[in-house]
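**Q** Before we start, here is the structure in question, set down as structure tokens.
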Amino acid sequence: MENRIKLHDRTFRVLIPEARIAEAVAAGAARINADYRERKNPIFLGVLNGSFMFLSDLMKRIEFNCEVSFVKLASYEGTSSSGAVRDLIGLGGDIEGRDVIIVEDIVDTGRSIAHMVETLRRKNPASIRICTLFYKPEAYSRTIPIDYPAMNIGNEFIVGYGLDYDQLGRNLKDVYVVTE
Ligand code: 5GP
Ligand code: MG
């Protein structure tokens, strides 16, 4: 494991090694397995790009029949006065009447996940729950419960295991934090 790495102009050091991430993923999967065993073919909805590595490791530990799909929140600046507009893209199949588990890389203020839940609710699923690898409880400012947070972290900027710093660092198997 390389202890210090450079991405663009910043230096990062290891915060959470691969083995600890694996333990948290396994514990999260065990909770989901216990809760969903009796449900009919739930759908895991990974939010791209950041969740790809977590979703992959999580799914290997899920012990019930399920579907897996990916969505993306595309943000762009609106030309009108409304500011940032965010579209949910990639939701192919019908989720009406289905149990949906959103899989996120990280929940910070909760703005993204709140938008995602609002958008999905309009499609009348039977239930929506949120699973996230990292959760920043001190930054979270929404009321929607975060059902399956695998790991809580402080208000620090992390990269690796899917998470990026300006698109770099997603391939790292450990999680790094920016140094001063
Ligand atoms: P929120 O909408 O909850 O404030 O932020 C969620 C999004 O912000 C995440 O999906 C992620 O793209 C980005 N983000 C928040 N905190 C971090 C962090 O510590 N590291 C990285 N790489 N992205 C973060
Ligand atoms: Mg994300």
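Computed from the coordinates by the stated procedures, all read-outs in this text should not be read as laboratory data. None of these values were measured; they are calculated from a predicted model. Counting neighbours? That spans all protein chains shown, and the Cβs are built from the backbone with ideal geometry, glycine included.
**Q** Per residue, what volume in Å³ does the Cα convex hull of the chain take up?
**A** Hull volume over Cα atoms, normalised by residue count, gives 130 Å³.
**Q** Let me ask something else. Please figure out what share of the DSSP beta bridges in the range 7-108 is antiparallel and state it in percent, rounded to the nearest 5.
**A** Beta bridges within the range 7-108, antiparallel portion: roughly 40 percent.
**Q** Can you sort PHE157, PHE52 so the residue with the fewest Cβ neighbours within 10 Å comes first?
**A** PHE157, PHE52
**Q** For PHE54, PHE64, which order do you get if you count the other beta carbons within 10 Å of each Cβ and list the fewest first?
**A** Neighbour counts put them in this order, fewest first: PHE64, PHE54.
**Q** Restricting the count to DSSP beta bridges whose residues both fall in the chain, what percent are antiparallel, rounded to a multiple of 5?
**A** Counting DSSP beta bridges with both partners in the chain, the antiparallel share is about 45 percent.
**Q** Further question: Taking the Cα of ASP166, stepping 7 Å toward and past its beta carbon, and measuring to each backbone N in the range 10-31: which are under 18 Å?
**A** So the set is 10-13.
**Q** Also, I was wondering about something else. Neighbouring Cβ atoms within 10 Å as the yardstick, rank ARG129, ARG13 fewest first.
**A** With the sparsest Cβ surroundings first, the list reads ARG13, ARG129.
**Q** Okay, next question. Estimate the FRET efficiency between VAL177 and ASP87 by the formula 1/(1 + (r/R0)^6), using the beta-carbon distance for r and 30 Å for R0, to the nearest 0.05.
**A** 0.45
**Q** Taking springs between alpha-carbon atoms closer than 10 angstrom, which of TYR36, TYR161, TYR148 fluctuates most in the Gaussian network model of the chain?
**A** Its mean-square fluctuation being the largest, the pick is TYR36.
**Q** What nm value, rounded to one decimal, do you get for the distance between SER75 and ARG37 when each label is placed 7 Å out toward the C-beta?
**A** 4.0 nm
**Q** Just want to confirm a number: the relative contact order over the range 20-154, from Cα pairs under 8 angstrom separated by 6+ residues, in percent.
**A** Relative contact order for the range 20-154 comes out at 24 percent.
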